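Peer 1: Can you keep this structure in mind? I'll have questions shortly.
The values are calculated or read from the model by the stated rules, or taken from the named source; none is laboratory data. Worth saying up front: this structure is predicted, and the values here are computed from it rather than measured. For neighbour counting, all protein chains shown are included, and Cβ atoms are generated from backbone atoms with ideal geometry for every residue, glycine included. SASA here: full protein model, heavy atoms, side chains in, ligands and nucleic acids out. Shrake-Rupley method; radii C 1.70, N 1.55, O 1.52, S 1.80 Å.
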Amino acid sequence: MRFMRQSRLILSLLLLHLAVNCAAQTGSFNLEDWPQTQAALKPMYVKAIMEQAGVHSVSFTRTAEFYAAELDRFAEFARANSYLPYLKTSVAQNLATIAVVNCDWNNGIPHWEFAQNYLGEKQLALLQPVYGDAINKLKNNCAATSTAAQ
């Protein structure tokens, strides 16, 4: 009996991971949906996004828990300021934006150069109120954050 319960639990967790991974890859889950996500699922979803980015030679030093908290914060900021383009954008793309701004999108391209190409000056200006300190570090090509992840 105990074996059956454990087997069902393992199967349920595997199916949940598969569902989260599929949603992460399709980008069908937008930032406006993020606040309603169960807290326990958020790090799993973030890990799936990070794994997918790894397939494209992107690495991170910060944890999934860091990104889950930042997505919470960013979703609230976007909602409070009626930034609909961010709210209608996939969680994966918003995570990438947060990683770029926080000098944690490691793909072999200098951080500031990549941020200018990926985000552009207009988006960087929109993000300034919530990520001002991070953007200032980014403009210095992350020199102040190169020794440790926060």
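Peer 1: Please compute the volume of the convex hull spanned by the alpha-carbon atoms of region 53-97 and report it per residue in Å³.
Peer 2: Each residue corresponds to 66 Å³ of Cα convex hull volume.
Peer 1: For D33, what charge total do you get from the other residues with a beta carbon under 12 Å from its beta carbon, if Lys and Arg give +1 and Asp and Glu give -1?
Peer 2: Result for the local shell: +2.
Peer 1: Next up: How long are the semi-axes of the equivalent ellipsoid of region 40-150, taking √(5λ) for every eigenvalue λ of the Cα gyration tensor, in whole Å from largest down?
Peer 2: Rounded to whole Å, the semi-axes are 19, 18, 13.
Peer 1: Calculate, for V58 and A80, the FRET efficiency according to 1/(1 + (r/R0)^6) with r their C-beta to C-beta distance and R0 35 Å; round to the nearest 0.05.
Peer 2: Once rounded, the FRET efficiency stands at 0.75.
Peer 1: Using r as the Cβ-Cβ distance of A143 and L41, and R0 as 41 Å, what FRET efficiency do you calculate, to the nearest 0.05?
Peer 2: Given R0 = 41 Å and the Cβ-Cβ separation, E is 0.70.
Peer 1: Next question. Could you report the accessible area of R79 in Å², rounded to 10, computed with a 1.4 Å probe on the protein chains as they sit in the structure?
Peer 2: Counting only protein heavy atoms, the figure is 110 Å².
Peer 1: Could you list which residues have their amide H under 5 Å from that of N30, counting only those 5 or more apart in sequence or on another chain, with H placed in the peptide plane?
Peer 2: So N30 has HN proximity to V91.
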